[in-house]
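Taking it in order: structure first as structure tokens, then the write-up.
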Amino acid sequence: MAKTQVEEINRNVYDIVDKDNYDFKIEKGITKEIVEEISKQKNDPEWMREFRLKALEVYNKLEMPTWGPDLSELNMDEIATYVRPKTKLNNSWDDVPEDIKNTFDRLGIPEAEKKSLAGVGAQYDSEVVYHSMKEDLKKQGVIYTDMETAIREYPDLVKQYFMKCVPVNDHKFVALHGAVWSGGSFVYVPKNVKLDFPLQSYFRLNSPESGQFEHTLIIVEEGASLHFIEGCSAPKYSKINLHAGCVELIVKDNAYLRYSTIENWSKNMMNLNTKKAMIGKNAQVDWVTGSFGSKISMLYPLSQLNGEGAKTEYTGISFAGEGQNLDTGFKAIHNAPNTSSVVNAKSISKNGGKCTYRSLIKISPKAKGSKSSVSCESLMLDDISVSDTIPVNDIQTDEVEFSHEAKIGKISDKTIFYLMSRGLSEEDAKAMIVRGFAYPISKELPVEYAVEMNNLINLELEGTIG
Amino acid sequence: MLSINETPVRTSKSFNINNININEDEIPDKTYEFNNVEIIGESSKIKIDKIQTPIDLKYGLGEELTNQVKTKSNQNYQIIVDSKTNKEVTFNFNFDKENASLVENIDITANEGTSASFIFKYESSKSLKAYHNGIIKLNAKENSKINIIIINLLSDESNNFLTIDNTIEKQANVEYTIVDFGGKKTITNYYSNVKGDLSENNLNTIYLGKDNQVIDLNYIAELYGKKSNVNIEVQGALKDKAKKNFKGTIDFKTGAKKAKGEENENCMLLSDTAKSLALPMLLCSEEDVEGAHSSSAGKIGEKELFYIMSRGFELKEAQKLMVRANFNKILENIKNEDLKNLVLKNIDLILN
């Protein structure tokens with residue numbers, strides 16, 4: 001029987017390189033002078049300048065990870081950590097310079113905004129170039145803006161939460177982020193305000209040999225509800241680019257947040273991102289993640305269940321093709337009684353790609369009556385690819401229900417035979433199986449909101465199996 | 001501090017499972033004589049020589065412990081199996097005041113088409129501070145069938161270090177049953193090179209932890225052979241402040257077409273201060289395989305306990321019954337009734 005051919009993700013629209021037409025690009029490397037210059041260029045308040053310098057000290061002290069993918073190709077002396085595009089922040093697409101606007105047009109962002117979003121932010125290299133939100137949400141007290149504006153206009157809120165959820169000494173690349181961060185979104189949803197439509201921030205890194213270090217800080221007050229979508233992409237260059245963003249989610253008692261990510265970085269990107277949610281009493285955070293791009297990814301969102309009855313769900317899919325090493329997964333720390341976590345992770349490896357599911361489920365002695373259920377499935381589409389599952393389960397009290405299951409394998413010949421006996425061609429049968437494998441995840445993705453996701457899940461997976 | 005029993009693939013340091021630390025003074029510099037060994041069932045077809053053989057391990061517990069066996073062993077056995085029908089040989093290592101420290105090297109070669117069973121029992125008096133560091137190396141040649149039972153009944157004051165390294169050739173079948181009850185620390189490194197086509201390796205373990213006992217199990221099976229098969233089943237229970245680290249790796253190597261690997265680990269938590277840490281890894285570089293693992297932890301079901309107690313049993317008795325029920329399938333592998341009864345008696349003692 002012929003082998004299933006699932007093509008690599010078609011990257012055409014993502015790989016279009018725009019002219020590296022910046023207003024300011026910091027020199028390459030990471031030194032005190034460079035960090036001070038970034039701080040000056042960004043007009044930081046004094047506390048932020050000091051914060052950056054302290055983070056740099058931590059960065060210099062911490063060692064590189066001793067586990068996971070090989071990061072030896074990453075040379076910080078070759079990375080420019082700050083690139084300011086030639087535009088200010090705009091709140092109308094018409095005011096965004098033509099070349100930058102064209103990029104976002106190709107990705108379908110303005111179109112999606114018109115159809116189905118409550119607000120959109122767009123970052124190009126190191127700065128946010130567009131931000132807007134529906135008027136009625138502003139009246140309800142919802143804040144959705146870029147981080148720089150938030151620091152100026154809501155200093156107390158930002159100071160209270162900025163890098164408290166993810167401290168800079170968490171790991172080396174968080175410390176780096178703390179030192180050179182730029183751009184990102186700030187969201188504040190007041191008590192009991194429920195947003196019917198999602199907010200979406202899109203991050204595009206265009207400049208070669210540079211890094212993107214956006215900071216996303218979301219505060220969902222008691223009883224409030226939000227769906228936030230994050231998209232990322234970059235064109236491909238021959239040298240390494242770096243993404244070390246940081247996402248901090250503070251979800252208070254009885255609140256709900258759904259955080260969806262479609263990550264489609266180019267294959268020269270090291271994606272070393274950090275995401276963490278602090279979840280209050282009876283609150284819930286759901287993560288939906290699609291990882292398709294990058295050369296190397298190390299990304300393990302963390303849900304810290306701090307309030308009694310807090311819940312979290314992680315639904316994720318990774319697709320690793322040639323030259324890709326996607327080391328992704330999830331962490332849940334149960335810190336309060338009767339908390340629950342549900343994990344459903346899938347991966348597809350093809351053409352020598354490597355997918356690793358790496359995780360931690362920790363149920364602390366305080367978390368009596370907690371439940372956790374983890375399911376991982378990996379599909380191998382050839383014998384030159386690799387698929388690893390490395391889960392850690394740390395159970396520190398007895399009144400818990402914990403289970404973890406993982407499966408690995410190829411497309412079953414029997415299933416193909418069955419479908420063919422029902423009149424499907426072999427190609428259609430295989431396509432249906434791959435689609436069925438991805439379905440539990442793809443149905444959770446907000447495909448109706450972002451054209452990009454349609455491209456990735458439907459067009460590419462369905463149309464190119466031959 | 002010495003870092004020992006490293007996993008074949010590392011994960012984040014903060015998860016505290018890549019290795020286990022012990023104090024250097026937990027490995028004694030000097031080893032004394034150990035003479036209290038009883039060998040039952042010797043046969044002309046199973047040749048046992050008291051000679052040291054070269055030790056070459058893929059993993060092992062760590063340089064210090066491996067070197068101790070290489071240079072300071074006080075018991076050495078080279079065993080060559082030539083029996084075509086299954087013969088059983090039992091080694092009883094009885095620890096007492098005069099024989100408190102055992103550093104042994106056991107090297108078994110099962111020749112083509114042979115069959116044998118071995119029982120290695122390590123038992124000490126109750127309060128003895130015993131020390132055990134052993135290496136069992138097995139080479140199961142084509143079509144051989146080897147069944148090994150290891151029973152650890154050392155005292156709560158003891159340290160128990162065990163390394164197992166198997167090479168399993170074409171159509172060979174190797175089965176281990178490990179009963180791991182004793183020791184303040186009991187640390188095992190188990191490795192199988194499942195290299196032959198159609199070869200098979202089953203590993204069944206039961207453990208019981210109490211007081212401040214630390215149980216660290218690092219089981220690794222690498223599948224190279226086509227249609228090879230590995231099954232790891234681990235059932236355990238922890239009471240008091242006992243802690244268990246289970247690290248299980250099934251690694252499908254390129255070329256292991258139609259290989260199957262399954263790993264199941266279940267930990268019953270009998271107190272709210274017991275801790276279960278598990279890392280059930282599946283590594284895969286071959287498409288045409290079937291791999292699965294499952295891991296679970298939690299209290300014994302309230303409903304089941306209630307049912308048993310409604311039949312007139314007290315809580316402790318009901319717990320014992322449930323633990324025994326979970327262990328039963330693995331205990332079935334112990335055909336020797338006396339040995340099985342000894343294990344059952346120890347389950348009762350520990351759970352009292």
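Counting Cβ atoms of other protein chains within 10 Å of each Cβ in A:280-286 and taking the mean gives 0. Ordered from longest to shortest, the equivalent ellipsoid semi-axes for region B:143-232 are 29, 11, 9 Å, each the square root of 5 times a Cα gyration tensor eigenvalue.
Peptides A:235-243, B:179-187 ranked from most to least packed give B:179-187, A:235-243, packing being the mean of other C-beta atoms within 10 angstrom over each peptide's residues.
Measuring between their Cα centroids, region A:54-129 and region A:218-259 lie 13 Å from each other.
The calculated FRET efficiency for the pair A:R422 and A:V342, based on their C-beta separation and a Förster distance of 25 Å, comes to about 0.15.
Each DSSP beta bridge with both residues in chain B is either parallel or antiparallel, and the antiparallel ones are about 10%. Just so you know, the Rg over Rh for the protein assembly as shown is 1.02, from Cα atoms, with Rh as the Kirkwood radius. Both numbers refer to the Cα atoms of chain A; Rg and Dmax are 21.6, 71 Å. As a rough guide to protection, the peptides A:34-43, A:266-275, A:359-368 ranked by mean Cβ packing within 10 Å, highest first, stand as A:266-275, A:359-368, A:34-43.
Counting Cβ atoms of other protein chains within 10 Å of each Cβ in B:271-278 and taking the mean gives 6. Please go through the residue pairs A:K281/A:K311; A:K371/B:K210; B:K50/B:K170 and name each one whose alpha carbons sit more than 19 Å apart in this structure. Where the Cα-Cα span goes over 19 Å, the pairs concerned are A:K371/B:K210; B:K50/B:K170. Of the beta bridges in the protein assembly as shown, as assigned by DSSP with both residues counted there, near 15 percent are antiparallel. Here, region B:1-145 has an Rg and a Dmax of 17.2, 53 Å when only alpha carbons are counted. At an R0 of 22 angstrom, the distance between the Cβ atoms of B:K30 and B:T53 translates into a FRET efficiency of 0.45. Accessible surface of the protein assembly as shown, 1.4 Å probe: 46 percent of it comes from carbon and sulfur atoms.
In a simple Cβ point-charge model (Lys, Arg +1; Asp, Glu -1; nothing else charged), the protein assembly as shown has a dipole of about 1140 debye relative to its Cα centre. Protein heavy-atom accessible surface, 1.4 Å probe, per residue over region B:29-299: 34 Å². For the residue pairs A:K276/B:K241; B:K121/B:K320; B:K247/B:K299, the C-alpha atoms sit more than 26 angstrom apart in A:K276/B:K241. As a rough guide to protection, the peptides B:318-326, A:156-164 ranked by mean Cβ packing within 10 Å, highest first, stand as B:318-326, A:156-164.
For A:E405 and B:K97, a Förster radius of 45 Å and the Cβ-Cβ distance give a FRET efficiency of 0.40, rounded to the nearest 0.05. Look at the alpha carbon pairs under 8 Å that are at least 6 residues apart: their mean separation over the length of chain A gives a relative contact order of 12 percent. Pick out, from B:S83, B:N36, B:A172, the residue whose Cα sits farthest towards the positive end of the charge dipole of region B:29-299, with +1 on the Cβ of Lys and Arg and -1 on the Cβ of Asp and Glu. It is B:N36, whose Cα lies furthest towards the positive end. Placing a label point 7 Å from the Cα of A:T415 along the Cα-to-Cβ line, the residues of region B:266-299 whose backbone N sits under 20 Å from it are B:282-294. Extension gain for B:K329 to B:I80 (0.36 nm times residue separation, less C-alpha to C-alpha distance): 86.6 nm.
Here the spin labels are modelled as points 7 Å beyond Cα on the Cα-Cβ line, and at A:N102 and B:I40 they lie 8.7 nm apart. Average accessible surface for chain A: 36 Å² per residue, computed with a 1.4 Å probe over protein heavy atoms with every protein chain in place. Straight-line reach from B:K340: taking Cα to Cα under 13 Å and skipping same-chain neighbours fewer than 8 places apart, the aspartates and glutamates in range are B:E332, B:D348.
The A and B chains share an interface that buries close to 3100 Å² of accessible area, total over both sides, probe 1.4 Å. When nucleic acids and ligands are ignored and a 1.4 Å probe is applied, A:L74 ends up with an accessible area of around 20 Å². Across chain B the C-alpha pair distances fall into 20 Å bins from zero in the proportions 31, 60, 9 percent. Using a 1.4 Å probe on the heavy atoms of the protein chains only, list every residue of region B:9-25 that has 30 Å² or more less accessible area in the complete assembly than in its chain alone. Listed in order, they are B:R10, B:T11, B:S12, B:K13, B:F15.
Ellipticity at 222 nm from helices only: DSSP H runs of n ≥ 4 in chain B, each -39500 (n - 2.57), divided by the residue count, give -4500 deg cm²/dmol.
The values are calculated or read from the model by the stated rules, or taken from the named source; none is laboratory data. Please read these numbers as outputs of a predicted model, since none were measured by experiment. Counting neighbours? That spans all protein chains shown, and the Cβs are built from the backbone with ideal geometry, glycine included. Please note that ligands, DNA and RNA were not included when accessible areas were found on the heavy atoms of the full protein model with its side chains. Shrake-Rupley method; radii C 1.70, N 1.55, O 1.52, S 1.80 Å.
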